[in-house]
Each structure stands twice: as structure tokens, then as C-alpha cells.
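*Asks:* What follows is a structure written as C-alpha cells; I'll ask about it next.
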Amino acid sequence: MSQEYPSNSSKSFLYYLSFILIGLILIDKSLHRKPPKLNTQKLNPINHVQNIDLLEDSNIPENNEETENSSQELPIVRAENNLKGLSEFSTDEPETLQGIYFLKFYQAGNKNYSKLVKVQRKVKGSLKKRIKLVLKELKKGPNAEEQDKGVLSVLPSKFQYSKKMKLVDGVLHISLENNFQKNAGKDLMQDRLDQLSHTLFEFKEIKGIKVYIDGKETHTMGKDNLKIPDVLARSSFRKVVFL
């Protein structure tokens with residue numbers, strides 16, 4: 001029996017069909033191929049943007065140094081029950097004129113009111129010595145010529161203060177004896193404090209005054225319990241007369 005072989009046309013058709021089938025298989029594999037994994041560690045950090053909510057305060061770092069500095073505009077004052085010697089003093093100064101404050105009373109209708117009167121005294125020496133000299137002059141009161149012009153002092157006749165004062169960060173700590181406030185009403189107490197504070201503020205080195213009574217911290221003074229701040233500050237509230 002003779003064997004039959006496919007014709008040339010049949011072979012060509014089979015080859016063509018096989019080629020199409022192989023092509024379809026390759027196309028199918030390319031469509032289902034997984035994308036290559038990216039190495040995220042090699043990304044450019046400039047292009048790697050994090051998702052941050054800028055409205056949240058917690059995402060904004062705080063500048064603690066700036067906050068602390070802004071809160072230190074005023075000196076922090078603590079109670080000083082043991083007032084030691086003065087510190088932060090300048091060198092000796094030549095003789096200069098230093099302002100000292102007394103009072104003068106005026107009448108408007110049925111009411112009396114006072115104004116501060118600024119006079120001058122000659123002082124020299126270290127800051128410590130000059131402070132003591134003006135306090136001594138303040139205690140002495142106005143001279144005869146000034147008294148003739150109606151100037152007076154409302155400080156106690158036995159005005160006393162402790163020689164143990166302290167100047168720290170521009171704040172002068174000074175202790176007064178109890179008679180500074182004894183039996184003083186509100187207006188009289190304010191006049192006494194103004195005489196003292198305005199006189200001491202004539203020194204540029206003094207930025208604030210911490211007042212004690214018999215070495216103890218106090219927040220009120222006088223029989224009417226006039227409230228006083230922790231640190232007395234410069235004030236332009238009172239009217240001042242210059243002689």
C-alpha cells in the first residue's frame with residue numbers, strides 16, 4: 001500500500017496557521033506581564049512629596065527660643081526677705097544735679113489736690129552712695145526757700161529705710177519701716193509712694209522698684225489697704241511742677 005503525503009498547498013497553510021498561533025501567544029503574554037517594581041529608596045527626595053496638612057499647628061515647629069525671649073521683656077522679681085548689699089553699680093560719678101520730688105497742694109473749688117514738685121540737689125560718688133544721698137535729702141524735706149513757695153513733704157517725720165538694698169536686673173529692692181504706711185489713707189499713701197518712686201527713678205539704672213515693709217513682701221499699704229504692684233514702674237500719670 002502506498003503512503004500519501006500532503007500537498008505543497010496544504011503545507012503552506014499549516015505553516016501560516018502555526019505562525020499566527022505563535023504570534024497570538026506572544027501577544028497574550030505581553031498583555032499579562034506585571035510592571036517592574038520601582039526602587040522607592042532611590043527616588044529623588046525633592047520629588048518625593050509627603051501628604052502634610054498645613055492647617056494643623058502640630059506640623060509647624062515652634063521656635064522656643066523666640067517665645068522665651070518675648071516673655072522676658074519684664075524682669076522676674078521674687079521675694080527677697082534677706083536683702084543684701086547693692087549690686088550692679090556704676091563707677092564713681094562727678095558732682096551732678098539729681099532730681100528729688102516733694103509736693104505742693106492746690107485748691108479747685110471745695111477740693112484740694114496735689115502735684116509733684118521736682119527740685120534738685122547736688123550729689124556725687126558711686127550709684128550706691130548717690131542713692132543714699134537722695135534718700136537722705138528726701139528725708140530732710142524741702143529747704144526754707146522751697147517751703148516759702150508752698151512745697152512740702154508728706155513722708156513720715158521718722159522716715160526710715162534699710163541700708164541693705166539690692167539692685168538686680170534693673171529692679172531696686174528696698175525695705176521701708178512700718179511707719180511709712182502707718183495710719184495713712186489711700187491718697188496720703190499714694191503721695192508717699194510717688195515721692196519715693198519718682199525720686200528713685202531719676203537714676204537711669206533703676207527700671208523698677210520692689211518695696212518691702214520691715215523686710216517682708218507686701219501687696220497692700222496704709223489703713224485703706226492700697227494695692228500696689230509687685231514692681232513699681234515709671235509713670236507719667238502725676239503732674240509735675242518744676243521749681
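The values are calculated or read from the model by the stated rules, or taken from the named source; none is laboratory data. Note that the structure is a prediction, hence the values are computed from the model and not measured. Positions of Cβ are generated from backbone atoms using ideal geometry, with glycine treated the same way; all protein chains shown enter the neighbour counts.
*Asks:* Just give me the residues in the stretch 190-234 being small (Gly, Ala, Ser) and more than 15 Å from GLY99 (Cβ to Cβ), in sequence order.
*Replies:* GLY208, GLY215, GLY222, ALA233
*Asks:* State all residues of the stretch 179-211 that are within 20 Å of SER162 (Cβ to Cβ) and of a type in the set (A, V, I, L, M); if no residue qualifies, say none.
*Replies:* If the condition is that a residue be within 20 Å of SER162 (Cβ to Cβ) and of a type in the set (A, V, I, L, M), then ALA184, MET189, LEU193, LEU196, LEU200, ILE206, ILE209, VAL211 are the ones that fit.
*Asks:* Let me ask something additional. Give me the residue from the stretch 162-191 that is charged (D, E, K, R) and not in a helix (DSSP H, G or I) and, out of that set, farthest from LYS204 (Cα to Cα).
*Replies:* Filtering first and then ranking leaves LYS182.
*Asks:* Now for a separate question. Within the stretch 234-242, is even one residue free of Cβ contacts under 8 Å to residues at least 60 places away in the same chain, hydroxyl-bearing (Ser, Thr, Tyr) and under 22 Å from PRO156 (Cβ atoms)?
*Replies:* No, the stretch 234-242 has no match at all.
*Asks:* Next question, about the same structure. Let me confirm something: among GLN98, GLN190, GLN195, GLN160, which residue is of a type in the set (S, T, N, Q), free of Cβ contacts under 8 Å to residues at least 40 places away in the same chain and under 19 Å from ARG238 (Cβ atoms)?
*Replies:* Just one listed residue meets the conditions, GLN190.
*Asks:* Determine whether the stretch 211-218 contains at least one residue that is among the hydroxyl-bearing types (Ser, Thr, Tyr) and assigned to a helix (DSSP H, G or I).
*Replies:* For the stretch 211-218, residues among the hydroxyl-bearing types (Ser, Thr, Tyr) and assigned to a helix (DSSP H, G or I): absent.
*Asks:* Condition first: surrounded by fewer than 17 Cβ atoms within 10 Å (Cβ to Cβ), hydrophobic (A, V, I, L, M, F, W, C) and at negative phi. Can you find one or more residues in the stretch 115-123 that meet it?
*Replies:* no
*Asks:* Does ASP224 satisfy the criteria of being among the charged types (D, E, K, R), touching a residue at least 24 places away in the same chain (Cβ under 8 Å) and on the phi > 0 side of the Ramachandran plot?
*Replies:* no
*Asks:* Which ranges mark the helices (runs of 4 or more DSSP H) fully within the stretch 62-161 that have 2 or more residues being modelled with pLDDT under 90 and out of contact with any Lys or Arg (no Cβ under 8 Å at 6 or more places or on another chain)?
*Replies:* 64-70
*Asks:* Related question: Find the residue count for the stretch 222-243, including only residues that are assigned to a strand (DSSP E or B), farther than 23 Å from LYS128 by Cβ and within 27 Å of the chain's Cα centre (by Cα).
*Replies:* Summing the residues that are assigned to a strand (DSSP E or B), farther than 23 Å from LYS128 by Cβ and within 27 Å of the chain's Cα centre (by Cα) in the stretch 222-243 gives 2.
*Asks:* Can you tell me which residue within the stretch 193-243, out of those that are among the small types (Gly, Ala, Ser) and surrounded by fewer than 19 Cβ atoms within 10 Å (Cβ to Cβ), is farthest from PHE180 (Cα to Cα)?
*Replies:* Kept after step one, since they are among the small types (Gly, Ala, Ser), are these residues of the stretch 193-243: 197, 208, 215, 222, 233, 235-236.
After this cut, where a residue has to be surrounded by fewer than 19 Cβ atoms within 10 Å (Cβ to Cβ) as well, the list is 215, 233, 235-236.
Details: GLY215: 13, ALA233: 19, SER235: 21, SER236: 23 Å.
That would be SER236.
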